[in-house]
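Please read the structure below before turning to the comments.
Read the figures in this text as sums done on the coordinates, not as results from a lab. In this text, all values refer to a predicted model and were calculated from it rather than measured experimentally. Positions of Cβ are generated from backbone atoms using ideal geometry, with glycine treated the same way; all protein chains shown enter the neighbour counts.
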Amino acid sequence: METLQQHLLKNFGYSEFLPGQQQTIEHLLNGDSAAAVFPTGGGKSLCYQLTALLLPGVTLVVSPLIALMKDQIDALVKRGINASRLDSSLSADEYKDVISQLRNGSLSLLYVAPERFNNERFRECLQHINISLFAVDEAHCISEWGHNFRPDYLKLAGFAHKFKADRILALTATATPPVLEDICRQFKISTECAVRTGFYRANLTLDLKVVAVETRDEQLLRHIQNQPPGASIVYVTQQKTAEQVARQLADAGLPARPYHAGLKTELRNEVQEWFMTTDFAIVVATIAFGMGVDKPNIRAVYHYNLPKSLENYSQEIGRAGRDGKPSICRMLACTDDLNVLENFIYGDTPDASSIIALIEGFFTHRSVGEEQDVSLYSMSFEYDIKSLVLRTLLTYLELDGYLQGGTPFYADYSFKPLQSSRQILGRFNGERKVFVGNLFRQAVAGKIWFKLDPAEAATNLGTSRERIISALDWLAEQQLLEVKVAGVRQSYRITRQPESTELLAADLHQRFQKREQAEINRLQQVLDLIALNDCQTNALSTHFGEQRNKPCGHCSSCNKNNDKIAENWTVRQSNNLESSFWKQVTQLESEHSVILSNPHSLTRFLCGITSPKLIRNKLTRHPLFGSAEKLPYAEVLQKVTSLELAQ
């Protein structure tokens, strides 16, 4: 047998493993599940890519990063490795081709986003596939105490078990020791198989400076102009800031372009391709940029705005200097950023009234065992809870044993025959021919497309909905029909009635408040790092479980080039609004008492924090929306509460 080093050289062109890679791969080849905590750029992806070539069956890679999927797949295909992805950008023919390869066993690696498991057709397909390795990238998202918790991740451990994956690999660059413990517990990974490599990178210089908002643009420009030419990323918080800063840099003669989620897909791809192929390119981006992008010669990463956590900060600076050459990581810390970052946090905590309405809607007048299917999109507006927060609430109810989620399904199917019905039916005999003919008769004909309700068709034909879906999928694979789906709905079965809907709602609200405080604490950790007089590099390493005995010698504190930071530098000045303003607010509240029904909802409105009901009722266009965004949330809430009490 060839050694792992020989496989590494033969398939990937590397003569040596990076720290932790071989140890992780050996755990997997021994049949054990494993966790890999490597710094950004530490070679996590090779752990599952090489392992996939040495195992039978398919390696299923779960990642939220479409950019990572595309780049890795392109690189693997060039090396003769059969890898593909399933995402919404694929055409119908491309989707069919990937599924066909998955079913016939010719695919080595398949990349999917965690949301792909909400697709009933995909889940049905996996029931018949040999998954030798279930790899989960950005695995910190599974932990409620991680910095980027995603409810879809909470269910991944259950899916890996349901589809009988032989082994699991959890990968992340930003797991603190408690988060790694949580990852191992949920995926049932032995602590002996959790591989953590060093966080410290000697070639990165951390330069953290406190700046005034009036001079920040000038300082950023000066720093970039004084830096030797090289690829750079400037991180900002908001899309409008990305556009504004990129324009300022371009006007100064620098090759700068914005990148954010609000751009069209074609333009985002164009900017990314430009950045990857240009030695001196500057991308001014929200955190939507850089995830999974492997450009080794990024010489500088600037934080124009404060990062929201040390985890985000470490992940973003980790994109610099992957070639091992010196690189600068410069933060322009400004207290004006705190309001925006805090508002993002407060905006994700639903009102207690919204939670109790949701609980009563699910459980009142319903009994254990009763099933219901819902549209999460409609529920978000009905209860005024953001979509991601709503899915988190429902996931909590599942994990606490109140609900059992069924397979998400599409309520509306449409198909377009690619051959005549006589030709299609001519391919069948006996009962199958009768079944397909009857199925076609259940559809409502349009000019080109036929509409079909699978549940209604199953009832009328006395069969299961699953058989209807399987028949449509088979006909589509055989290119006899073109099938489209819409109207995704989620089914739930009540498994336990709450003793008190009020107490359950209060408990859930408390959990969100606890997460809210945890996020505020994460932001405070960033401020503490900036103000630290000791080695900042060592403090960041300690946060991620690596103890260093000697100062790094090249951070702001070690270099003594960070101006002495006053202890009260984060104190924000109040911006008292006129009494006439608050009279307008009182009038607004009386006009929209149902939507702005409590101090928190009114405070979010004034601070410019959107909600489903505000959007639907077009209140985000109201002149007062965001009128107090320059004030700290807590200060606005205190004032609004005093107005409520005065009434």
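Could you tell me what percent of the DSSP beta bridges with both partners in the chain are antiparallel, to the nearest 5?
Rounded to the nearest five, the antiparallel share is 30 percent.
Starting from the amide H of LEU481, placed 1.01 Å from N in the peptide plane, find each other amide H under 5 Å away whose residue is 5 or more places distant or on another chain.
Placed amide hydrogens put LEU418, ALA476 under 5 Å from LEU481.
Please give the length that would be gained between ASP279 and GLU456 if that part of the chain were fully extended, namely 0.36 nm times their separation in residues minus their C-alpha to C-alpha distance (nm, one decimal).
Taking ASP279 through GLU456 to full extension adds about 57.9 nm, to one decimal.
When N counts the residues of the range 124-205, how does its alpha-carbon radius of gyration compare numerically with 2.2 N^0.38 Å, as a ratio?
Normalised Rg, Cα atoms only: 1.21.
Collect residues whose amide H, placed 1.01 Å from N in the peptide plane, falls under 5 Å from the amide H of VAL136; neighbours closer than 5 in sequence don't count.
Here the answer is VAL62, LEU169, ALA170, LEU171, since their amide H atoms fall under 5 Å of that of VAL136.
Taking each pair of different alpha-carbon atoms in the range 315-439 once, compute 1/r for the pair, average those values, and report the inverse of that mean as the Kirkwood hydrodynamic radius in Å to one decimal.
For the range 315-439, inverting the mean 1/r across all distinct Cα pairs yields 20.8 Å.
Quick check: pseudo-label points 7 Å beyond the Cα along Cα→Cβ at GLU371 and THR191, how many nm apart are they?
4.3
Just the number, please: percent antiparallel of the DSSP beta bridges in the range 4-196, rounded to the nearest 5.
0
On a C-alpha basis, how far is the centre of the range 109-184 from the centre of the range 336-393 in Å? Whole number, if you could?
Value for the Cα centre distance between the two parts: 24 Å.
Starting at the first residue of the range 581-592, write each ³J(HN,Hα) from the Karplus equation 6.51 cos²θ - 1.76 cosθ + 1.60 with θ = phi - 60°, in whole Hz, x for Gly and Pro.
3J(HN,Hα) across the range 581-592, in whole Hz: 5, 5, 5, 5, 5, 4, 5, 4, 4, 5, 6, 10.
Find the percent of Cα-Cα distances in the range 439-512 that exceed 17 Å, and round it to a whole number.
62
Which value, in Å to one decimal place, does the Kirkwood hydrodynamic radius take for the range 204-353 when every pair of different Cα atoms is included?
15.7 Å is the Kirkwood radius here.
Given points 7 Å out from each Cα along the Cα-Cβ axis, report the SER91 to VAL434 separation in nanometres with one decimal.
4.0
Once fully extended, how much extra length lies between GLN497 and THR407, figured as 0.36 nm per residue of separation less the alpha-carbon to alpha-carbon distance?
Taking 0.36 nm per residue and subtracting the Cα distance, the gain is 30.3 nm.
Suppose we keep just the alpha-carbon trace of the range 289-384; what are its Rg and Dmax in angstrom?
Looking at the range 289-384, its Cα Rg and Dmax stand at 22.0, 65 Å.
Principal axis lengths of the range 4-196 from Cα atoms, whole Å, largest first?
Reported extents, whole Å, longest axis first: 44, 39, 28.
When the Debye formula is applied to the Cα atoms of the range 194-274, each taken as the same point scatterer, what base-10 log of I(q)/I(0) results at q = 0.23 Å⁻¹?
-1.22
Kirkwood hydrodynamic radius for the range 1-43: how many Å is it when counted over pairs of different Cα atoms?
11.3 Å is the Kirkwood radius here.
How large is ³J(HN,Hα) for each residue in the range 88-98, as worked out from phi by the Karplus curve 6.51 cos²θ - 1.76 cosθ + 1.60 (θ = phi - 60°), to whole Hz, x for Gly and Pro?
So the J values, rounded to whole Hz, are 5, 7, 6, 6, 4, 5, 5, 4, 4, 5, 5.
If amide H atoms are built 1.01 Å from N in the plane of the peptide, which residues on other chains or at least 5 residues away come under 5 Å of the amide H of ALA333?
LYS209, VAL210, VAL211
For the range 92-243, what mean projected area does the convex hull of the alpha carbons give, in nm²?
Mean projected area for the range 92-243: 14.1 nm², to one decimal.
Multiplying the sequence separation of VAL488 and VAL594 by 0.36 nm and subtracting their Cα-Cα distance, what value in nm do you get?
35.3 nm
Hand me the trypsin sites (Lys or Arg not before Pro) from the range 362-453 located in a DSSP loop with no more than 14 other Cβ atoms within 10 Å, in residue order please.
ARG366, ARG427, LYS447
Using only the alpha-carbon atoms of the chain, report the extent along each of the three principal axes, biggest first, to the nearest angstrom.
86, 76, 50
Can you give the Rg to Rh ratio for the range 579-646, taking only C-alpha atoms and Rh from Kirkwood?
That ratio equals 0.92.
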